[in-house]
1. Please work out which residue is nearest to residue 381 (Cα to Cα), limiting yourself to segment 391-440 and to residues that are open to solvent by 10 Å² or more (accessible area, probe 1.4 Å) and among the small types (Gly, Ala, Ser).
2. Assess whether residue 290 counts as being surrounded by fewer than 19 Cβ atoms within 10 Å (Cβ to Cβ), modelled with pLDDT under 85 and closer than 22 Å to residue 416 by Cβ.
3. Based on this model, can you work out whether residue 57 counts as β-branched (Val, Ile, Thr), in contact with a Leu (Cβ under 7 Å, 6 or more places away or on another chain) and surrounded by fewer than 20 Cβ atoms within 10 Å (Cβ to Cβ)?
4. Which condition from (1) open to solvent by 20 Å² or more (accessible area, probe 1.4 Å); (2) over 19 Å from the mean Cα position of the chain (by Cα) is the one that residue 90 breaks?
5. Quick one: in segment 57-106, which of the residues that are of a type in the set (S, T, N, Q) and modelled with pLDDT of 80 or more is farthest from residue 157 (Cα to Cα)?
6. Among the residues of segment 333-355 satisfying the criterion of being hydroxyl-bearing (Ser, Thr, Tyr) and over 21 Å from residue 370 (Cα atoms), which is surrounded by the fewest Cβ atoms within 10 Å (Cβ to Cβ)?
7. For segment 259-271, does any single residue satisfy the condition of being part of a helix (DSSP H, G or I), of a type in the set (Phe, Trp, Tyr) and within 30 Å of residue 471 (Cα to Cα)?
8. For segment 375-394, which residues satisfy the criterion of being at pLDDT below 80 and among the small types (Gly, Ala, Ser)?
Amino acid sequence: MGKEKKIYECGTLKYSLSGVILTIGLLMLGFFSMRFSANIVGLVSLRLKFLQASDMTIAFVMSTIGGVFNMIVCPTVSFKSDRYRGKRWGRRIVFIIGTLPMMCLSMLGFAASGPVGNFLASVLKPLGEFAPATITILIIGIVMVFYQFFYMFVGSVIYYIYNDVIPTQFLARAVGMVQVAGTAAATVFNFFFFKHANTHFAWLLILGAVVYFFGVGAMCLLIKEPKLPPLTEEEKSQSRGFSGIFTFMKESFSHRFYWYNTLASTFWSVGIGVIGTFLVFYYMSLGMSLEDIGKLNGISGLVGLFIGLGMALVGAFLIDRWHPVRVNIYTVLFQSILVLVFGKWIFCSPGTNVVFVVMLASLIVNMVVTNISGLSGMPMLIRTLPKSRFGQFCSANAMVRSLFVLAGGLLLGVCIDVARKIIGGDYFVYRLIWVWRFIFGGIGMIFYLLTYREYLKLGGELNFKAPAPWSPEKWEQLDNTPSCGITRNALKLAIYGWDALVGAYALFTVGVLLYCRSFTFGIWCLPVMAVTVIAWLLLRLSVWSRMPAVGEKVFGGVIHPGVLAIGALMQVLLLVCGVIQTIMLFKESLFVCSYMWGIEIFILLADIVLLWVGNRIERTKPEETDN
């Protein structure tokens, strides 16, 4: 008798292993197509710049319009999708396939904006002089309204499909493989299409529409959603009209844990999401051409493809062992430190070759941390948000986030225009976007720390209970599969690894000083290195004092060895990047070399300070929960 196939369940869905793989593959196809077309739509910012639109106009078209709809459409669709019971399409896919034609037509509208603008300018000429560029900008803005409106239907539900169709034991790996698909889409775009942004804009938008139609369409037609129990009459009445709005607000913002989580992602998005519109101009401010930028993004994307694949296969296992909530919070904090890596160019302008190599290395470091964060993000939400209201809570977060991003996009555009008038120049002012990122990312970091502390108060990894005011018990018990725990040997190994890391930074600093015998290098780098060593020794003492006993396994109370490992991995990669940078800058300017290596040490110091704060928060005790 042959061996029976193992069956995996997700609600009413039942899969063999091949069925799970096929479902993940369809999700990858859908996400690849969506990300590829979204990257092409992102070229609209370059078209607006080519048409000499102001930075405020670019920010309005690229960020504000989407922010408005994200604040209105996303919560509505998410709320309704949680409660929708379709016979053919389930509760999520119906919103994606229903908007597919309009998404494709919007992309074709961008493609036709130039010829239509020229035509209207000639038609309206008897009524007055209308510049074709001005009319084209107006048309692009109108088309962007339609595009963003229908995109919110897709963007607000496609990420919820994980929770509905993927068995729990495959969730992290599914998220990882979808990340690989998204990275592959960006890599293909940057390698082969980005350099044609100005010369073949219309054709690229047509290509985006075709890829979206067939890729997303295939995903919708072939993926099956589970059958859900019908809503009760009370649930139906609470979902209609103003009652639905009241229910949405009352349930979604009922506890400070949800507020902390919302404000954390909100300020983080204001910091990192808003500046994305101007990144291409930031690269140009460093002397890079469009071909250089395309090559940079293409190479980093190709490397990121392998990083993402490795993370999906290996990282998912480690994230489950170290716990996705903990991993996600700390990797976001580590990402906040990386703002210094990209912001260090504000005060210096080395040659293009140096910029290209160092920027490529920096992007690779950022991708490693971002992949870990992205891979753990969805599992973290599933571990902390009520399953019965998952889409609703995600959309409530998006609604507040969009309101702030809406205002932030406009404000950043104004700030850039004002800074240009004060500082002068054309592209240099775009280097200051990292000041914006530092301020708002820092505020987001504080709220992430508060979120994690509240998570620990609500039971942590062993007994977390999601606040649920609609439930008689006032909470929902979620899946609290614990991490591998903290053992003495694992913690000691992590500490010794950091000893070696800090020692390597110190040895390289002393070695460079002895080699170059530069007063500037010594007066700037040595004090920063000394403070960093002292900070590490203090953190080491604090962690060592709470070391578990031999044979003991603890869950909390001290920073997890996995967190130390992720932080060390980031710093090792930054050390390699810094060494390459220092060697290249020796030939250009010893002063710039000293400044840049000092920043690298300061980044290490900031990492240690964050670990110290995290170590303190880990001591938070769970509060008593009323049953």
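1. 407
2. yes
3. yes
4. Unmet for residue 90, out of (1) open to solvent by 20 Å² or more (accessible area, probe 1.4 Å); (2) over 19 Å from the mean Cα position of the chain (by Cα): (1).
5. The qualifying residue farthest from residue 157 (Cα to Cα) is 57.
6. Applying the filter and picking the extreme gives 352.
7. yes
8. 388, 391
The values are calculated or read from the model by the stated rules, or taken from the named source; none is laboratory data. Since we're looking at a predicted model, the values are computed, not measured. Glycine gets a Cβ as well: all are built from the backbone with ideal geometry, and neighbour counts include every protein chain shown. Just so you know, the surface numbers come from the protein's heavy atoms only, side chains and all, with ligands and any DNA or RNA stripped out. Shrake-Rupley method; radii C 1.70, N 1.55, O 1.52, S 1.80 Å.
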